[in-house]
Amino acid sequence: MRKTERFYWICQIVGWGAYSGIGLWTAVLDHGWKPSAVYGYILFFFYNIFLTHLLRGIIRRRNWANLPLSRSLARLAVSCVVIGAIQAALVVGVYRAIEGSMGVWSERSSIAFLFMGVTIATTIWTVLYLTITTMRQSREVRRQEMQMKLALSDAELRALEAQINPHFLFNCLNSIRGMIMEDAVEAQDMITRLANILRYSLQRDRNHTVPLATEMEAVEDYLALESIRFDDRLRVRMDVAEDARRMEIPAMLLQTVVENAIKHGVETISAGEVLSICVRLDADMLHIEVENSGTLDHAPADSTGIGLANARERLRILYAERASMSLLAPSQGRVRATILIPAAP
């Protein structure tokens, strides 16, 4: 039995059991102890459960809860009155069958009072049932909406990753193509390093994050590729705190930022370039800084801006407002990308 069904039957038994028990106790106080009262309220307990369960089936089959309010209330009100009348008739009929006479139900006022009592009880049951059902359906709708949002976010994230990987591959293949005729041995080494990076990209965890240490290995391979391409024009300075290496970051995120720094730094100048990578763990935030030569208002003619835009979007999907990425100019001719990622997921 499902949890909701079990809860429904527990409420039925407890609710109508309490109502019948109070009725029996009141009858004993008013008229003394009689076996007919005990039998009558036992039967009252069972046929009330039967009648309200029947009403529940009608409400569900005919979808009364989703009708316009006026039509729904009209149907429910008529149903409560009908069930109240049936309950009152059964109480009087059972009493007469057991006692052989109308007894306490000989006066019309007593029967009217009985009818009002059981009708009100049925109305309360209906209101409680619809309230609980509506709340449960509302929670289920919210749960399904959340699952849909998560599914869409996951699909969107995978689409963004699919855009990032070809972008990176295109740049590396261009570098290798330029090296093949100049130095075949170096080109082979570049292909090996590229294979390592592609293997990392394909084998990353399905939750989209990897330890920083793993990401750094890919970044070092990438920088080795670019160092061969740019020769003495690229110098790298790394300062990565040991306690930060175990922290999880989005896969290929740092590589994307480093690639952007080289594209907007080394490729645009003829002199030597110092690319600085600094990573530290500060309280509950991971700070990543990548600094290179360049200006914020200058971009190469072939720049699409896809890399950093996708990096920001991945941070938004994975961490909402808790993560950020910004570009600043700390000094003349220098640009610094700063990424903040929460240490806790």
Need the failing condition index for Phe230 against (1) within 21 Å of Leu275 (Cα to Cα); (2) in contact with a strand residue (DSSP E or B) (Cβ under 9 Å, 6 or more places away or on another chain); (3) at pLDDT 75 or above, just the number. (3)
(1) at pLDDT 80 or above; (2) surrounded by 14 or more Cβ atoms within 10 Å (Cβ to Cβ); (3) farther than 23 Å from Ala89 by Cα all hold for Leu67 apart from (1)
Among the residues of segment 1-25, the number that are charged (D, E, K, R) and outside any helix (DSSP H, G or I) is 1
I'm trying to understand the selection: among the residues of segment 326-341, which are touching a helix residue (DSSP H, G or I) at 6+ places or on another chain (Cβ under 8 Å) and closer than 11 Å to Val290 by Cα? Leu327, Val335, Ala337, Ile339
I need the full set of residues from segment 324-345 which are buried (at least 16 other Cβ atoms within 10 Å of the Cβ) and aliphatic (A, V, I, L, M), in order please. Met325, Val335, Ala337, Ile339, Leu340, Ile341
Pull up segment 187-211, narrow it to residues that are modelled with pLDDT of 75 or more and surrounded by fewer than 14 Cβ atoms within 10 Å (Cβ to Cβ), then point me to the one that is farthest from the chain's Cα centre (by Cα). Gln188
Could you please find all residues in segment 231-257 being farther than 25 Å from Ile317 by Cβ and touching an Asp or Glu at 6+ places or on another chain (Cβ under 8 Å)? Arg233, Leu234, Arg235
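Scan Val78, Val38 and give me the residue that is under 22 Å from Thr133 (Cα atoms) and either in a helix (DSSP H, G or I) or not charged (D, E, K, R) (or both).
Values: Val38 fails: under 22 Å from Thr133 (Cα atoms).
That would be Val78, the only listed residue that is under 22 Å from Thr133 (Cα atoms) and either in a helix (DSSP H, G or I) or not charged (D, E, K, R) (or both).
The values are calculated or read from the model by the stated rules, or taken from the named source; none is laboratory data. Being a predicted model, the structure only gives us computed values, none of them experimental. Glycine gets a Cβ as well: all are built from the backbone with ideal geometry, and neighbour counts include every protein chain shown.
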